[in-house]
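What follows is a single structure, written as structure tokens, with notes after it.
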Ligand code: M6R
């Protein structure tokens, strides 16, 4: 959470910073602020709310300067107001700093600085850090980069920071630990950002900073990197694959809708070059050297958060069903704090769209210390999780900007299916016929999703009927149970309707008490081994006057007779139903949120990349 940008070069910094902040707004939108250095003058403008508020505010102010930093905030310490907005200034106003992360020992440092006369204007942990840098710089007479390095040795927690100083107008200092930071290298100019999206339109050459590295970006002397122990590091320059068009809405009203519609392409990209049904093979290049280890592992532990955790639950079903290896799926935030048993022959798989989720990253670090093999299923190329894992596979969904995960989820599930099929084949736990059938069905998925998306108008009509609901239940069984959880999460996070997901048979152990004529119940009732049982669950809801919106297989007749509404999905192998069944729920949630005038792409209180625990 929180997005940070920086620029130093020959161009005017302000438009670059504002554009960069708009691209990073998915990381937080409680406030936005910038600082500009212009001929010895250091201007700081900051405003509560979105980047546009800052732009409106700055309209009548000077925005000159070729050096600047900016921040879009997801509040942790202190209310989301103008005062707590970043950048934060030192007591003498010579230094300003933007920060993504949490300084955990800020209170101790703050008290000690206060004793020495520092006065604080904000409730943030960040302001403490800029005062600490100021004190070290003034007392020791060291350079700005040295003062930053010395200050960072005193703080605990997570940080990505960018600092500029009135006394050193030709330098930007950046540093990171546990929060991401990337530096773009242009012609005599440098861009700094939380991810590559603000950089890609200016340069494709980037350096990802590693933990506890400090970058000194000097207008005259270029980029230098040292680590926290002051050891010189050679910058490793990589080329970005990201395309600028991927960051635009492309004619859609919202990123979320665009991303829902991108799923045929995204899923195709996730198996392109990795699967060939006519030749009968499947191969995940990134896992090639680890296939034996996975196939021979005693246990697979999946760690993830939110929607990615739901993908993990589907993965558990896939791997146990097809490869017959025991799987445990853990909330990363719980796993990391409960002294779990991790053995050397365990394989730990992290699933993450952003590759930056703090809890997932911390869970991985813990498993690494215990000697487990770490694999990643990640979307963002070059992200922290992709770098800490021993091996992995990118989902290739392309940038996902809407806060609600859609194509990231279906591509995660696609990869998990591929992994389970591949390991099942290797272990001999699936028959040749099943293997071939699954490959055929996987290749057919993009086309089937295209077909399914044609139901969008009908789904919008259904959404219209239930848009004013206060509560909703989502039910599913087997591998569709995680889809019920995911459907409920989608609805609550973007439309603010309270929703719960349950295994359909669990309803009678409590939630059935909630059912009355006001309660929409979304049920996955596709053909397959659980069909009859789900039909009985639907009858139980109908007997209590609940409203049933069922996801059914094309051609279904029985459920259609009893449900209030039935949304058809194309027939596929039972294993792949979760991928198709989730899409109507994405669309329902999207339309309901739009009808309720909710901010679909940037729902309240949320951020796309959760880099704090
Ligand atoms: O980037 P990650 O996949 O690690 O993010 C995990 C969750 O924060 C994320 O899936 C979240 O639940 C989404 N907003 C759900 O749509």
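We did not get these values from a lab; they are worked out from the coordinates using the rules stated. Quick caveat, the model's predicted, so the values are computed rather than measured. Virtual Cβ from ideal backbone geometry, glycine too; neighbours counted across all protein chains shown.
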> In terms of the Cα gyration tensor, with a ≥ b ≥ c the square roots of its eigenvalues, is the chain rounded because a/c is under 1.5, prolate because a/b exceeds b/c, or oblate?
Replying inline: prolate
>> Show log10 I(q)/I(0) for the range 249-450 at q = 0.09, 0.15 Å⁻¹, two decimals, from a solvent-free Debye sum over equal Cα scatterers.
In response: -0.31, -0.87
> Given 0.36 nm per residue, what is the gain on full extension from residue 241 to residue 223 after removing their alpha carbon distance, in nm?
Replying inline: 4.3 nm
>> To check you understand DSSP bridge types, tell me what percent of the beta bridges within the chain (both residues inside) are antiparallel, rounded to 5.
In response: 60 percent
>> For 519, 419, which order do you get if you count the other beta carbons within 10 Å of each Cβ and list the fewest first?
In response: 519, 419
>> Compute the angle between helix 13-24 and the longest alpha-carbon principal axis of the chain, please, reported from 0 to 90 degrees and rounded to the nearest 10.
In response: 30 degrees
>> Over 5 Å intervals from 0, what percent of Cα-Cα pairs in the range 3-246 sits in each interval?
In response: 1, 7, 15, 21, 22, 18, 11, 4, 1, 0, 0
>> Treating only the Cα positions of the range 411-457 as identical point scatterers, give the base-10 log of I(q)/I(0) from the Debye formula at each q in 0.20, 0.33 Å⁻¹.
In response: -0.70, -1.15
>> Would the range 332-457 count as rounded, prolate or oblate if I go by the C-alpha gyration tensor, calling it rounded below 1.5 in a/c and otherwise prolate when a/b exceeds b/c, oblate otherwise?
In response: oblate
> Quick one: Cα centre-to-centre distance for the range 231-302 and the range 408-456, in angstrom?
Replying inline: 15 Å
>> Quick check: the angle from helix 407-427's long axis to the longest principal axis of the chain, C-alpha only, nearest 10 degrees?
In response: 60 degrees
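For a footprinting-style exposure proxy, rank 268, 310, 156 by other Cβ within 10 Å, fewest first.
Ascending number of Cβ neighbours within 10 Å: 156, 268, 310.
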> What spacing in nm lies between the two simple spin-label points modelled at residue 83 and residue 64, each 7 Å away from Cα in the Cβ direction?
Replying inline: 3.3 nm
> What list do you get for 41, 269, 457 if you sort them by fewest beta carbons within 10 Å?
Replying inline: 457, 41, 269
> What is the Cα centroid distance between the range 504-577 and the range 578-609, reported in whole angstrom?
Replying inline: 21 Å
>> Expected output is a single nm value to one decimal: the length gained when fully extending between residue 451 and residue 542, i.e. 0.36 nm times separation in residues minus the C-alpha distance. What is it?
In response: 29.8 nm
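For the range 474-613, what class follows from the C-alpha gyration tensor (a ≥ b ≥ c being the square roots of its eigenvalues): rounded when a/c is under 1.5, otherwise prolate if a/b is larger than b/c, else oblate? Don't jump to the answer; show the numbers that get you there.
Working: a/c = 1.75, a/b = 1.45, b/c = 1.20.
Prolate, since a/c reaches 1.5 and a/b exceeds b/c.
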> Using helices alone, what [θ] at 222 nm do you get for the chain, with -39,500 (n - 2.57) per DSSP H run of 4 or more residues, divided over all residues and rounded to the nearest 500?
Replying inline: -10500 deg cm²/dmol
> Once the Cα atoms of helix 577-595 and of the chain are each reduced to a long axis, what angle between those two axes, in degrees from 0 to 90 to the nearest 10, is obtained?
Replying inline: 60 degrees
>> Whole angstrom only: what separates the Cα centroid of the range 44-65 from the Cα centroid of the range 160-195?
In response: 21 Å
> Rounded to the nearest 0.05, what FRET efficiency do residue 205 and residue 299 have when you use their Cβ-Cβ distance and R0 = 51 Å?
Replying inline: 0.75
